[in-house]
Amino acid sequence: MQIFTGKWPPRYASMYFISLALLVASVPLSKFTTSIFQFTTLFFWLWHGVDTKFLEKYPSKSLFNPVNLLRFLGEVVVNVLKALIAKFLVFSKNKPAMAIASILLLHVIGLLYTTDFQYAMKDLRTKIPIFILPLFIATGPRINTRTFYLMLGVLVAAVFGGSIYRLILFLNLPVADSRALNAHTSHILYSLNAVFAVFCILFFVKSKNLIANWLKILLLSIAIWLVSFMFYMNYSTGMLVFSIVSFIVLIVFTLKIKNNLHKISIFAAITLLTSLPAIYILSIAYNYLQTPTVEFSKLDKFTSEGNSYYHDTVNFRSKNGKWAGLYICDKELRRAWGERSKLSLDSLDENRQLRRFVLISYLASKDLRKDADGIGKLSADEIRNIENGYNRFDYKELPKIKAQIEDFIIGLQRYIYLNDPNSGSMIQRFEYWRTSILIISQQPLLGVGTGDVPQAFVDQYIKMDSKLAKQNRLRSHNQYLSITVGLGLIGFVCFMVVMFYPGIKTRNFNNYFYVIYWIIFMLSMLTEDTIESQEGVTFYALFTALLLLGRENIELSESIFDGTSDI
């Protein structure tokens, strides 16, 4: 009985593709399995290109002999190394693949002028997929169209399953903000995968004779579910990216319409669709910011217990025609709250809001005074709501987009009038971006180096006397700024070349899947340090490599800008 005969067994190519598909599924679902399937993909990739004829010399029984076993292992190592060298030679001649991998090289160059090598090494380990995944896919077995489409189907199934899992968690855990759930991957990276999955579905639904009609109906239902799910879960990044990509896609395909009347009609509809959300947002802001006149001389001065009130119109602005900061008695507020909750008013909740601020806002939303009587009128459930971060009694009934707009206005007011950026994640980003620009202005050409980015932020926050809470003092939350902080304007220019060159070189800016993915990724970097985390790095490296380097051929039906598209 022999182990192998002939060339690399086809079943190992199948195992390689299965491992790659499971890696695709893991990206939106689990950081742990993402790591696992990178290793399994490595194992099957190592055997690709290995000439297995030498194995004919080693029947299974002969391996019980220690000498034969050593010879066998030696020949395995030699032949795997030969194949490995051949693959590296092929990789070195693949300019788009080398360009993608060069992002890691940029960070290696940043070691030359860094001081914190411990963090630098950690950062480089995180970014290893930028090198290994293009290497695997560019030099591994070629992926035919059927296998590629099946991998996209696996992505859709994984994202759909992830939505069910996240919904179950949200409905069964006491959290006010669905984005605070610990679901093994960040909600932002999940939502980016979900947006890409939705547009993959739209391709299959629109394409002719590619899948059965019943499957098209099922996929379209999943797409509607995913969009609704992101809206329900308040995944604002995903919804914003989905809206922008949808707008761009509509514009591109409208330009392809030959009938001018139809083209003008669709452009008018697009203009209307884009203006309605703007009008809605402006109307919410206008109503919310209406400032009522207050005659302080006519306000009650004492609580029912005889303690003094004070009125704070600086820290608490007006909301929907009401001043939230009227009738505050901290002495009673703290005592009454302490009798009903074990959580300190001076602590932060899961949304990084000061609980005292949440409590006062909640009482104001019910037209209750901020004293012992006001807290006494709250039910036990309402106390739990406040503990969980709800700052108004009607939060669950309020349309989430409206609640988010109003929360943003509150945070922006505090940032403008009090220089306090702690109110919400978007307001905090303004402070991150301001801090990033100040760091860049000090070392514009080369940046601070690969390992010194965290310390540069720590020092700058202290230098500018930022009011950001210590737990909120994070990095850029903008990949373009983050690259420039670490590697300077020279590094930023190189990074942007890498973002454009592979797609141009492989002529894939005409490919539906790549263009959709590329826009999603480029937009994500405006509000996130997308490639500073394991999940973000894998999202970039895996899909960029799959779409540009691994395919056997590109179908004409995927073309965007010529008449062959059936989308």
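The values are calculated or read from the model by the stated rules, or taken from the named source; none is laboratory data. Note that this is a predicted model, so its numbers are computed, not measured. We place every Cβ from the backbone using ideal geometry, glycine too, and count neighbours over all the protein chains shown.
Residues that are closer than 16 Å to Ser425 by Cβ and crowded, with 19+ Cβ neighbours inside 10 Å were ranked within segment 337-356; the one that is modelled with the lowest pLDDT is Asn351.
Of the set (1) modelled with pLDDT of 95 or more; (2) under 30 Å from Ala101 (Cα atoms); (3) touching a Phe, Trp or Tyr at 6+ places or on another chain (Cβ under 8 Å), all apply to Ala158 but (3). Taken over segment 94-110, the criterion of being closer than 14 Å to Gly488 by Cα and not aliphatic (A, V, I, L, M) is satisfied by His107, Gly110.
The rows are residues; the columns are (1) among the acidic types (Asp, Glu); (2) in the same structural domain as Lys342 (by TED's automatic domain parsing); (3) under 25 Å from Tyr310 (Cβ atoms); (4) touching a Gly at 6+ places or on another chain (Cβ under 7 Å).
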| position | (1), (2), (3), (4) |
| --- | --- |
| Leu368 | no, yes, yes, yes |
| Lys377 | no, yes, yes, no |
| Asn385 | no, yes, no, no |
| Gly389 | no, yes, no, no |
| Ile405 | no, yes, no, no |
| Gly447 | no, no, no, yes |
| Asp452 | yes, no, no, no |
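In this entry, Val537 passes the filter for residues that are under 24 Å from Ser19 (Cβ atoms), surrounded by fewer than 22 Cβ atoms within 10 Å (Cβ to Cβ) and not assigned by TED's automatic domain parsing to the domain that holds Leu23. Per the conditions (1) farther than 23 Å from Arg392 by Cβ; (2) over 34 Å from the mean Cα position of the chain (by Cα), the sole criterion not satisfied by His311 is (1).
Among the residues of segment 251-273, how many are farther than 23 Å from Val515 by Cα and not in a helix (DSSP H, G or I)? Going through segment 251-273 one residue at a time, the tally reaches 1.
Do you know which residues across segment 142-165 are within 26 Å of Val90 (Cα to Cα) and not aromatic (Phe, Trp, Tyr)? Answer for segment 142-165, where residues must be within 26 Å of Val90 (Cα to Cα) and not aromatic (Phe, Trp, Tyr): Arg142, Ile143, Asn144, Thr145, Arg146, Thr147, Met151.
Apart from one condition, Val205 fits all of (1) at pLDDT 90 or above; (2) out of contact with any Lys or Arg (no Cβ under 6 Å at 6 or more places or on another chain); the exception is (2).
Every test in (1) touching a residue at least 40 places away in the same chain (Cβ under 8 Å); (2) over 24 Å from Leu345 (Cβ atoms) is passed by Gln413 save one, and that test is (2).
Counting residues in segment 415-432 that are over 20 Å from Arg356 (Cα atoms) and crowded, with 20+ Cβ neighbours inside 10 Å gives one or more. If you check Leu84, Leu104, Leu111 for being closer than 17 Å to Leu42 by Cα, surrounded by 14 or more Cβ atoms within 10 Å (Cβ to Cβ) and touching a residue at least 24 places away in the same chain (Cβ under 8 Å), only one passes: Leu84. Scanning segment 409-430 for residues that are under 17 Å from Val314 (Cα atoms) and outside any loop (DSSP other than H, G, I, E, B) turns up Ile409, Ile410, Gly411, Leu412, Gln413, Arg414, Tyr415, Ile416, Tyr417, Leu418. Inside segment 439-462, can you point out the residues that are touching a residue at least 12 places away in the same chain (Cβ under 8 Å), surrounded by fewer than 18 Cβ atoms within 10 Å (Cβ to Cβ) and part of a helix (DSSP H, G or I)? Those that are touching a residue at least 12 places away in the same chain (Cβ under 8 Å), surrounded by fewer than 18 Cβ atoms within 10 Å (Cβ to Cβ) and part of a helix (DSSP H, G or I): Pro454, Gln455, Val458. Looking across segment 373-391, the residues that are of a type in the set (S, T, N, Q) and modelled with pLDDT under 85 come down to Asn388, Asn391. Taking segment 185-214 as the search range and keeping residues that are out of contact with any Gly (no Cβ under 9 Å at 6 or more places or on another chain), not in a helix (DSSP H, G or I) and not aliphatic (A, V, I, L, M), which one is surrounded by the most Cβ atoms within 10 Å (Cβ to Cβ)? Filtering segment 185-214 for residues that are out of contact with any Gly (no Cβ under 9 Å at 6 or more places or on another chain), not in a helix (DSSP H, G or I) and not aliphatic (A, V, I, L, M), the one surrounded by the most Cβ atoms within 10 Å (Cβ to Cβ) comes out as Ser207.
The lone criterion from (1) modelled with pLDDT of 80 or more; (2) in a helix (DSSP H, G or I) left unmet by Asp300 is number (2). Every condition in (1) out of contact with any strand residue (DSSP E or B) (no Cβ under 7 Å at 6 or more places or on another chain); (2) at pLDDT below 85; (3) not basic (Lys, Arg) is met by Leu22 except one, and the failing one is (2). Residues that are basic (Lys, Arg), assigned to a helix (DSSP H, G or I) and within 20 Å of Lys322 (Cβ to Cβ) within segment 346-396 comprise just one, Arg356.
Specify the residue that is nearest to Asn419 (Cα to Cα); the eligible residues are those in segment 463-475 that are assigned to a loop (DSSP other than H, G, I, E, B), touching a residue at least 12 places away in the same chain (Cβ under 8 Å) and not hydroxyl-bearing (Ser, Thr, Tyr). Working first, answer last.
We begin by selecting, within segment 463-475, every residue assigned to a loop (DSSP other than H, G, I, E, B); these are 464-469, 473-475.
Adding the requirement that they be touching a residue at least 12 places away in the same chain (Cβ under 8 Å) leaves 464, 466-469, 473-475.
In the following step, the residues that additionally are not hydroxyl-bearing (Ser, Thr, Tyr) were identified as 464, 467-469, 473-475.
Values: Met464: 12, Lys467: 7, Leu468: 9, Ala469: 12, Arg473: 15, Leu474: 17, Arg475: 19 Å.
Filtering segment 463-475 for residues that are assigned to a loop (DSSP other than H, G, I, E, B), touching a residue at least 12 places away in the same chain (Cβ under 8 Å) and not hydroxyl-bearing (Ser, Thr, Tyr), the one nearest to Asn419 (Cα to Cα) comes out as Lys467.
Scanning segment 282-314 for residues that are touching a helix residue (DSSP H, G or I) at 6+ places or on another chain (Cβ under 9 Å), more than 18 Å from Leu368 (Cα to Cα), surrounded by 11 or more Cβ atoms within 10 Å (Cβ to Cβ) and not small (Gly, Ala, Ser) yields a count of 3.
Being closer than 28 Å to Gln479 by Cβ, under 20 Å from the mean Cα position of the chain (by Cα) and at pLDDT below 95 is a property that does not hold for Ala197.
Just a yes or no: is a residue in segment 470-480 out of contact with any His (no Cβ under 6 Å at 6 or more places or on another chain), surrounded by 19 or more Cβ atoms within 10 Å (Cβ to Cβ) and either of a type in the set (A, V, I, L, M, F, W, C) or farther than 17 Å from Asp529 by Cα (or both)? No.
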